[in-house]
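Peer 1: First, the structure itself, so that you have it in front of you.
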Amino acid sequence: MDRTRRVANAARSLHGLALGDAFGEQWFGYRGAELTERLTRRIAPQARLWYWTDDTAMALSLLRILHLCDVVDQDALATHFAASYEADPYRGYGPSMHGVLRAIHEGEPWREVTRRQFEGQGSWGNGAAMRVAPLGAWFADDGLAVVAAEAERSAETTHAHPEAVAGAVAVAIAAALATRGRGEAAPDPAEFLAEVAGHTPESDVAAGLRAASRLPAHSSVRHATGVLGNGSRISAPDTVPFALWTAAHHPDSLPEALWHTATGMGDVDTTCAITAGVVASRTTLSDIPKPWLTAREPIPTWVDTGGTPAPPRS
C-alpha cells in the first residue's frame, strides 16, 4: 500500500478514536436523572474542552511507531508507551498500567513486566483493544492475516493475556474491514460481526462477537449490554463485543454510533473510542457536529501529515 494512503487511512481512524474517547469521557461527569435526560434527549456534554484519555495517548504512541517503522517494533513501542506515560501520567491509565509503564520506563524488560501481571496470567484488560483501530486501518490493504499479526504484536507489549490479545485483533480486523469498505454499501451487521469473529483467535472475545452477530436486528442497547457487557469489568471480553456491535449497526453514521454506545455506559470512554475508531475508518468525521469537533482536545498535526515528531520528554 502507498505510504500516503496508509497515513490517511490511519489518521481517519485516529481522529475518530480520539473523538469517541473524549466524547465518552464527558459522561462520567453526569449522574442520575441528568445523565438519563441528556442521553435520552441527545444533549451533548457541556464542557468547553473535551479532553481525551489514555485510550488516545496510547493510540498516538502506536501510530507514531507505525510512522517510524512501518510495522510494530515491539521494543520501540513499549519504550514509547512508557515515555508518553512519564510525560503525562494523568490521562486515566488503569491501575495495573501505572505499574507496568513505570517499570518499563525504569528499564525492566517489557516481556517480564507484562507477563508477571495478575499472578503470571498477564492483563486481560481492554487497553490493547482501545488503541488499535488505527493499526487496522494502516494495514487494511495488506491482508487480514497481516492485520491480525501486527495487532497481536501491539497488544503483547502491555497485555500478555490471550483475551486481551484477541480483543486487539478483533478491533483491528473490524477497522481494516471498515477501511476496505469505504465507498461501498454498508455490510450486513451480522455478517460483519461474524467475519470479525472468524479472524479473531478462539476466546471469550470471539464467542462474544458470535453472540453479537446473533442478536436480533432491532435489539435495544439495554438488551445488547445485558448479553455482551459494556466494559464495566474493564476486560476485553466485556468490552469489545458491545463496542463492535454498535459499530456494525451504525457503519455510516458516526454520531449515531456514538450516541448508542454512550447509552450503554460502563467504560464509556473506551467503548466509544473503539466504536468511533472503527466507524471513522469508513466515514471520516464529516457528519460530526461542528461544536463536537471544536470541543475535542486537539490532535498533533503529524497524525495527518505523517511527519516524525520528537519523542516525548519524561
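Peer 1: Need at least 1 residues that are more than 27 Å from Asp141 (Cα to Cα) and either of a type outside the set (Phe, Trp, Tyr) or without any contact (Cβ under 8 Å) to a residue 60 or more places away in the chain (or both) per element, so show me which helices (runs of 4 or more DSSP H) inside region 181-287 make the cut, counting only ones lying wholly within it.
Peer 2: In region 181-287, the matching helices (runs of 4 or more DSSP H) lie at 204-214, 221-228, 236-249, 254-263, 268-283.
Peer 1: May I ask you to list the residues in region 1-18 that are surrounded by fewer than 13 Cβ atoms within 10 Å (Cβ to Cβ), in a helix (DSSP H, G or I) and of a type in the set (D, E, K, R)?
Peer 2: Arg3
Peer 1: When Trp110 is evaluated against the numbered criteria (1) modelled with pLDDT under 95; (2) surrounded by fewer than 16 Cβ atoms within 10 Å (Cβ to Cβ), which criterion, by number, is the only one it fails?
Peer 2: The single condition Trp110 does not satisfy is (2).
Peer 1: Being basic (Lys, Arg) and at positive phi narrows it down to one of Arg42, Arg48, so name that one.
Peer 2: Arg42
Peer 1: Exactly one condition in (1) among the small types (Gly, Ala, Ser); (2) crowded, with 19+ Cβ neighbours inside 10 Å; (3) at positive phi is not met by Gly183; state its number.
Peer 2: Every condition holds for Gly183 apart from (2).
Peer 1: So in region 30-54, with the set limited to residues that are touching a helix residue (DSSP H, G or I) at 6+ places or on another chain (Cβ under 9 Å) and in a helix (DSSP H, G or I), which one is farthest from Pro298 (Cα to Cα)?
Peer 2: Thr40
Here is a yes/no grid of residues against (1) touching a Phe, Trp or Tyr at 6+ places or on another chain (Cβ under 7 Å); (2) more than 26 Å from Pro187 (Cβ to Cβ); (3) crowded, with 22+ Cβ neighbours inside 10 Å:
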{"residue": "Arg233", "(1), (2), (3)": "no, yes, no"}
{"residue": "His249", "(1), (2), (3)": "no, no, yes"}
{"residue": "Ser253", "(1), (2), (3)": "no, no, no"}
{"residue": "Cys272", "(1), (2), (3)": "yes, no, yes"}
{"residue": "Ala280", "(1), (2), (3)": "no, no, yes"}
{"residue": "Thr284", "(1), (2), (3)": "no, no, no"}
{"residue": "Trp302", "(1), (2), (3)": "no, yes, no"}
{"residue": "Gly306", "(1), (2), (3)": "no, yes, no"}
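Peer 1: Which of the residues that make up region 208-242 are within 17 Å of Leu39 (Cβ to Cβ) and hydrophobic (A, V, I, L, M, F, W, C)?
Peer 2: Once the filter is applied, which keeps residues that are within 17 Å of Leu39 (Cβ to Cβ) and hydrophobic (A, V, I, L, M, F, W, C), region 208-242 yields Val221, Ala224, Phe242.
Peer 1: Another question about this same structure. Just wondering, is there one or more residues in region 117-138 that are more than 22 Å from Gly231 (Cα to Cα) and not in a helix (DSSP H, G or I)?
Peer 2: no
The values are calculated or read from the model by the stated rules, or taken from the named source; none is laboratory data. What you are looking at is a predicted structure, and each value in this text was computed from that prediction instead of being measured. Here Cβ is always computed from backbone atoms with ideal geometry, including for glycine, and neighbour counts include all displayed protein chains.
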